[in-house]
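Undergrad: I have a structure I would like to understand better, so I am pasting it below and will then ask my questions one at a time.
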Amino acid sequence: MEFFIHDAIPFYAKLALAICILGMALRFSRYFYNRMTMKREMTPRTPTPYPAKGKSILGALWAVNVQTFTKFWLKANPITALGHVVYHVGFFTAMGIYGLVAILSLDKLAKVPLHRAILMVADWFNFKIELFGTSGFYHSLGEFLTSVFLVALLLAVPGIMTPFVMSILGKRGMIRPVDSVAKALGITSTPGLTTRNSIHGWERKILGVGVLVMDCMMLFTLLFPVGADLAYIIHATFGLTIIASLPFSFLFHEIYRLRMWGAVRRLVDGRTT
């Protein structure tokens, strides 16, 4: 146990961070190289007597990030869609709290060994006294973050379980017909798209199971505190694995969502509706 606490996990933390930074540098350098060398996607608009009316920035952001989801997916398969939303809200809230705790505690973390700093962040809700004190604003903030963290995990766990349950029931890809023409033809159910056993598909399944286990472990150690050493190994191992795999797996799509700006610009310019 001492080897994992003082040697293995700190080494893995440095390795995971190095892998993540290198992978992100490679992904972004490839992206910027392609952007500089490829033909421009958007050229100046040809003036016309009746120019298309574009959307406002807020309207375009709403259309790209909300309406693209509600107009089809939510109607086509509401259970899977809502599970997806609930999971992302819970997961990113929990991850955001981890980051906020680390930022607020930088001065304290800098004074302790690396393995201790990782433990204090990974298992922060059991180190609230050391991190936030016993009174004052930071103490109240720590209590508030604990409540939000619990709610976030209670959302994330059933949310991430939803696609697995729907897959077992054979309904994850099911498309509920919402078109009046389909209903008029007597179509009451559709099987949806066939899931292919591709490398990408298996990658999503493996990482999905990993995230599910991590979420369940975080929730369990929050509700039923375990030994600090065990919590340290559990949280740090799963968290650092996610960090290391971020640039090299489908998880990168969470960062690549910034590409939505291209669609926003098209809507603002009236190039698409």
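The values are calculated or read from the model by the stated rules, or taken from the named source; none is laboratory data. Here the structure is a predicted model, which means the values were calculated and not measured. Backbone-built Cβ (ideal geometry, glycine too); neighbour counts: all protein chains shown. Heavy atoms of the whole protein, side chains included, go into the accessibility calculation; ligands, DNA and RNA do not. Shrake-Rupley method; radii C 1.70, N 1.55, O 1.52, S 1.80 Å.
Undergrad: Say we look at region 113-150 and pick out the residues that are out of contact with any helix residue (DSSP H, G or I) (no Cβ under 7 Å at 6 or more places or on another chain) and in a loop (DSSP other than H, G, I, E, B); which of these is farthest from Ile234 (Cα to Cα)?
TA: Ser135
Undergrad: Residues to consider are Phe164, Phe125, Phe92; find the one that is surrounded by 15 or more Cβ atoms within 10 Å (Cβ to Cβ) and either closer than 30 Å to Asn77 by Cβ or not aromatic (Phe, Trp, Tyr) (or both). Explain how you work it out, then say what you get.
TA: Working: Phe125 fails: either closer than 30 Å to Asn77 by Cβ or not aromatic (Phe, Trp, Tyr) (or both); Phe92 fails: surrounded by 15 or more Cβ atoms within 10 Å (Cβ to Cβ).
When all the criteria are applied, what remains is Phe164.
Undergrad: Moving to a separate point now. Here is a check on your reading of the model: is Asn77 surrounded by fewer than 17 Cβ atoms within 10 Å (Cβ to Cβ), in contact with a helix residue (DSSP H, G or I) (Cβ under 9 Å, 6 or more places away or on another chain), among the polar types (S, T, N, Q) and touching a residue at least 24 places away in the same chain (Cβ under 8 Å)?
TA: Numbers: surrounded by fewer than 17 Cβ atoms within 10 Å (Cβ to Cβ): no; in contact with a helix residue (DSSP H, G or I) (Cβ under 9 Å, 6 or more places away or on another chain): yes; among the polar types (S, T, N, Q): yes; touching a residue at least 24 places away in the same chain (Cβ under 8 Å): yes.
No: the conditions fail for Asn77.
Undergrad: Moving to a separate point now. Name the single residue that is most open to solvent (accessible area, probe 1.4 Å) among those in region 242-273 being in a helix (DSSP H, G or I) and among the β-branched types (Val, Ile, Thr). Steps first, please.
TA: Going through region 242-273, the residues in a helix (DSSP H, G or I) turn out to be 242-248, 250-269.
Narrowing the set further to residues that are among the β-branched types (Val, Ile, Thr) leaves 242-243, 255, 264, 268.
Details: Ile242: 36, Ile243: 69, Ile255: 44, Val264: 1, Val268: 47 Å².
Out of the qualifying residues, it is Ile243.
Undergrad: Identify all residues within region 227-272 that are among the hydroxyl-bearing types (Ser, Thr, Tyr) and touching a residue at least 12 places away in the same chain (Cβ under 8 Å); write none if there are none.
TA: Passing the criteria: Tyr232, Thr237, Thr241, Ser245, Ser249.
Undergrad: Here's something else I'd like to know. Would you point out which residue out of Ser135, Ser105 is among the polar types (S, T, N, Q), over 30 Å from Arg204 (Cβ atoms) and open to solvent by 60 Å² or more (accessible area, probe 1.4 Å)? Break it down stepwise before answering.
TA: Working: Ser105 fails: open to solvent by 60 Å² or more (accessible area, probe 1.4 Å).
After ruling out the rest, the residue left standing is Ser135.
Undergrad: Scanning region 207-241 for residues that are over 16 Å from the mean Cα position of the chain (by Cα) and polar (S, T, N, Q), which turns out surrounded by the fewest Cβ atoms within 10 Å (Cβ to Cβ)?
TA: For region 207-241, the residue satisfying everything is Thr237.
Undergrad: Right, something else. Could you check how many residues of region 109-130 are of a type in the set (Lys, Arg) and farther than 21 Å from Val148 by Cβ?
TA: Taking region 109-130 and keeping what is of a type in the set (Lys, Arg), we get 111, 116, 128.
The next check asks that each one be farther than 21 Å from Val148 by Cβ; those that pass are 111, 116.
Residues flagged as of a type in the set (Lys, Arg) and farther than 21 Å from Val148 by Cβ within region 109-130 amount to 2.
Undergrad: Might you let me know whether region 177-193 holds any residue that is under 30 Å from Leu251 (Cα atoms), at pLDDT 75 or above and open to solvent by 80 Å² or more (accessible area, probe 1.4 Å)?
TA: The answer is no; no qualifying residue exists.
Undergrad: Answer with yes or no whether Gly159 is modelled with pLDDT of 80 or more and in contact with a helix residue (DSSP H, G or I) (Cβ under 7 Å, 6 or more places away or on another chain).
TA: Details: modelled with pLDDT of 80 or more: yes; in contact with a helix residue (DSSP H, G or I) (Cβ under 7 Å, 6 or more places away or on another chain): yes.
Criteria met by Gly159.
Undergrad: Quick one: what pairs do we get from region 2-13, first residue within 14 Å of Leu240 (Cβ to Cβ) and open to solvent by 70 Å² or more (accessible area, probe 1.4 Å), second among the hydrophobic types (A, V, I, L, M, F, W, C) and assigned to a helix (DSSP H, G or I), C-beta under 8 Å, 6+ apart or different chains?
TA: Correct list of pairs: Phe4/Ile233.
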